[in-house]
Amino acid sequence: MSATTTPTPVEVFESGDAALRVVASSPDSEANWSTVHSLAEWLEAAGADGVHGAVPTYDSLLVEFDPGVTSARQVRAFVLLGLRQLDFIGAPARAPREFSVPVVYGGEYGPDLERVAEHEQLSVEEIIALHTAKSYVIRCLGAPAGSPMMDGPDFPLPVPRLKDPRLSVPAGAVAVAGRQAVIAPAVAPGGWCVIGQTPLTVLDATSEPLVPYVPGDRLRFHRIRPEEFAGYVGRKLDAAR
Amino acid sequence: MSGSLIIQQPGNSVVTDLGRFRGPRFGLPVNGALDQFSARAANILAGNDDGAPLLEITALDFRMRATTDILIAVTGAPLHLTVGGHECQQWEPVSVRAGETVAVRQITGGLRAYLAVHGSVEAPVLLGSCAPDTVVGFGLRLAEGTELKTSRSVPPIRQPYFDLPLFRLGLTRPEFSSHSVVEVTDGPDVDEFGDTAGLLYTTEYTVSARSNHIGLRLGGDLPERQSSAEVLSRGVPVGAIEVPSREELLVLHRGRGVTAGYPVLAVVTSRSLDVLAQARPGHTITFRRTTVPDATAKYRAALRELENLRSTVSTVFALLGIGSQPGWRQLAPAAGS
């Protein structure tokens, strides 16, 4: 096999004595995302001594290592080798799974729904319609606790973060900020606008992996009524297909 | 022979280890002992593997009782250690007889102490580590009456000659002071701070009381970001120094959220993260700029010192007949054995 696409340009930055930041810097954000996630998979599979792991996000990858075993110089060479391999073998192909997420919107479940509607100059119903209109690619697992970070719904305007972040946002909170969307797997402080809540259990700290999705999988929200919420409680988020 | 440790006064204590190194790829912080050197040293002095579960005791007084004869070692911040009412030395193996109480009091100068038990203690494991994770609600936080299972008993070893130290192990103990110098390397986003980045090296910062295992907040003159462009969330290393507000500098430690959207001004070296782990609210800090190769060399020098300690401890323990093999081999039986 040979490479089918032009290699994405990549820069490697020092990030202390135990990490490197790798940034894909092409104008094509999809290519950047694909490059850092493919590189993360390659690094995991190659399993170099002293490399703890890689955290890919949108256009960036943090590679963490043990400076007692290896060094920033060696890991940089290893990363560049991985990039050459990717150019040669191409990105690993994996069929994305889709997850279906029931959500109660507004009220006590989504205290910021009206604020978001007002900011977007749309009705609450239009906000819900836009949020449930498409399926979202999970771009990366973020803080806290493996949150599925997604490109946001097709709202007219970016959603501003709360001026005073909440000290505690419940598990299952469905939130938006800027041009991003997320579900909170665990109770944590948060400054994103919460527009709804899913009754499903996203995080299971007793099993590995802790969350059922991986970057590249898709997620679709559908609306349920408040009285249906209790019926879903205790069920785990599972792939529909 | 197995036994238990019964916690009588938990203070603020947990069972932890060196961290959940597989966590970040799943969105979980590494966590684990904040002062890694002291934690490794405690385990080595107790004849354990560096990464064995041990107790991290933060700031407050702590007491426990052993139900069998055990061997322990206490390291970290200066404190007052007694076993069965008798004063004992930190940074040395210490015998505890069945029924005796181990008391850790007056943690001063630093913030965190480490107590390792020969043969270690049992703790639940997530992704290969027992380190508590406050966000996912995992881990063993000690409470009054908590019973910790130990796997090995060690008959009492008492110095036959009065008042002479039993062990002379030649470890250079870390220094503890209310003013610390913390070494950092340039962060990947240092250019975003323009000329103001230099303030980091000319300012004396004060540790705020709002500091914890997630990060330390430091007050003082703040470098200022010169642009306001939105930053996409990305992985940030432990030790990252950010300026999220106009009030404080934020230095991320081992409990940090794995991803964030703030520019990274500088990154604290692995060695200096241990220094920060011991900084108390009100302590002052100045930063010194270094390079990655220099930081790596210092980190490796500390590891060599710990290796020397391990070889001394193995020799002494063999002479005293403690553990026919290092204790950790019993914790992880080889496949097929």
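The values are calculated or read from the model by the stated rules, or taken from the named source; none is laboratory data. Since we're looking at a predicted model, the values are computed, not measured. Don't worry about glycine lacking a Cβ; one is built from the backbone with ideal geometry, like all the others, and counts go over all protein chains shown. In case anyone asks, the SASA skips ligands and DNA or RNA and just uses the protein heavy atoms, side chains included. Shrake-Rupley method; radii C 1.70, N 1.55, O 1.52, S 1.80 Å.
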Inset, instruction - Could you run through region A:78-128 and say how many residues are over 18 Å from A:TYR232 (Cβ atoms) and either among the basic types (Lys, Arg) or in a loop (DSSP other than H, G, I, E, B) (or both)? - result: 15
Inset, instruction - Could you tell me whether A:ARG73 is exposed (fewer than 15 other Cβ atoms within 10 Å of the Cβ) and within 14 Å of another protein chain (Cβ to nearest Cβ)? - result: yes
Inset, instruction - Go through region B:214-232 and give me each residue that's buried (at least 22 other Cβ atoms within 10 Å of the Cβ) and of a type outside the set (A, V, I, L, M). - result: B:GLY215, B:PRO223
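Return a yes/no flag: does region B:189-201 have any residue that is without any contact (Cβ under 8 Å) to a residue 60 or more places away in the chain, of a type in the set (A, V, I, L, M, F, W, C), open to solvent by 20 Å² or more (accessible area, probe 1.4 Å) and not in a loop (DSSP other than H, G, I, E, B). Spell out the reasoning first.
In the first step, residues of region B:189-201 are kept if they are without any contact (Cβ under 8 Å) to a residue 60 or more places away in the chain; the result is B:191, B:194-196, B:198-199.
The next check asks that each one be of a type in the set (A, V, I, L, M, F, W, C); those that pass are B:199.
From what is left, the residues that are open to solvent by 20 Å² or more (accessible area, probe 1.4 Å) are B:199.
Still in the running and not in a loop (DSSP other than H, G, I, E, B): B:199.
Yes, there is a match, as at least one residue in region B:189-201 is without any contact (Cβ under 8 Å) to a residue 60 or more places away in the chain, of a type in the set (A, V, I, L, M, F, W, C), open to solvent by 20 Å² or more (accessible area, probe 1.4 Å) and not in a loop (DSSP other than H, G, I, E, B).
For region B:222-250, enumerate the residues that are part of a strand (DSSP E or B) and either away from every other protein chain (no Cβ under 12 Å) or touching a residue at least 40 places away in the same chain (Cβ under 8 Å) (or both).
Our first condition is that a residue be part of a strand (DSSP E or B); within region B:222-250, this holds for B:234-235, B:240-242, B:249-250.
The answer is B:GLY235, B:ALA240, B:ILE241, B:GLU242, B:LEU249, B:LEU250.
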Inset, instruction - Confirm whether B:ILE57 is at pLDDT 95 or above, under 20 Å from B:SER95 (Cα atoms), open to solvent by less than 30 Å² (accessible area, probe 1.4 Å) and not in a loop (DSSP other than H, G, I, E, B). - result: yes
Legend entry - One residue from B:PRO93, B:PRO29 being buried (at least 24 other Cβ atoms within 10 Å of the Cβ), within 14 Å of chain A (Cβ to nearest Cβ) and not acidic (Asp, Glu): B:PRO29
Legend entry - Count of residues meeting criterion [open to solvent by less than 20 Å² (accessible area, probe 1.4 Å), closer than 24 Å to A:ALA230 by Cα and assigned to a strand (DSSP E or B)] in region A:165-180: 5
Inset, instruction - Output the number of residues of region A:58-70 satisfying the condition of being open to solvent by less than 40 Å² (accessible area, probe 1.4 Å), outside any strand (DSSP E or B) and modelled with pLDDT of 95 or more. - result: 4
Legend entry - Which listed residue, of B:ASP50, B:ASP35, is surrounded by fewer than 24 Cβ atoms within 10 Å (Cβ to Cβ) and among the acidic types (Asp, Glu): B:ASP50
Inset, instruction - Enumerate the pairs (first residue in region A:195-224 and within 14 Å of chain B (Cβ to nearest Cβ) and under 17 Å from A:TYR105 (Cα atoms); second residue anywhere and in a strand (DSSP E or B) and acidic (Asp, Glu)) with beta-carbon separation below 7 Å, excluding pairs fewer than 6 apart on the same chain, so at least 6 apart or on different chains. - result: none
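Where residues in region A:139-162 are without any contact (Cβ under 8 Å) to a residue 60 or more places away in the chain, facing chain B (nearest Cβ under 9 Å) and in a loop (DSSP other than H, G, I, E, B), which of them is most open to solvent (accessible area, probe 1.4 Å)?
The selected residue is A:PRO158.
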Inset, instruction - Run down A:PRO185, A:PRO209 and say which single residue is buried (at least 19 other Cβ atoms within 10 Å of the Cβ) and part of a loop (DSSP other than H, G, I, E, B). - result: A:PRO185
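B:ARG40 - would you say it is touching an Asp or Glu at 6+ places or on another chain (Cβ under 8 Å), basic (Lys, Arg) and within 25 Å of B:ARG280 (Cα to Cα)?
Against the criterion (touching an Asp or Glu at 6+ places or on another chain (Cβ under 8 Å), basic (Lys, Arg) and within 25 Å of B:ARG280 (Cα to Cα)), B:ARG40 qualifies.
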Inset, instruction - State whether the residues of region B:66-78 include one that is open to solvent by 20 Å² or more (accessible area, probe 1.4 Å), under 23 Å from B:LEU303 (Cβ atoms) and at pLDDT below 95. - result: no
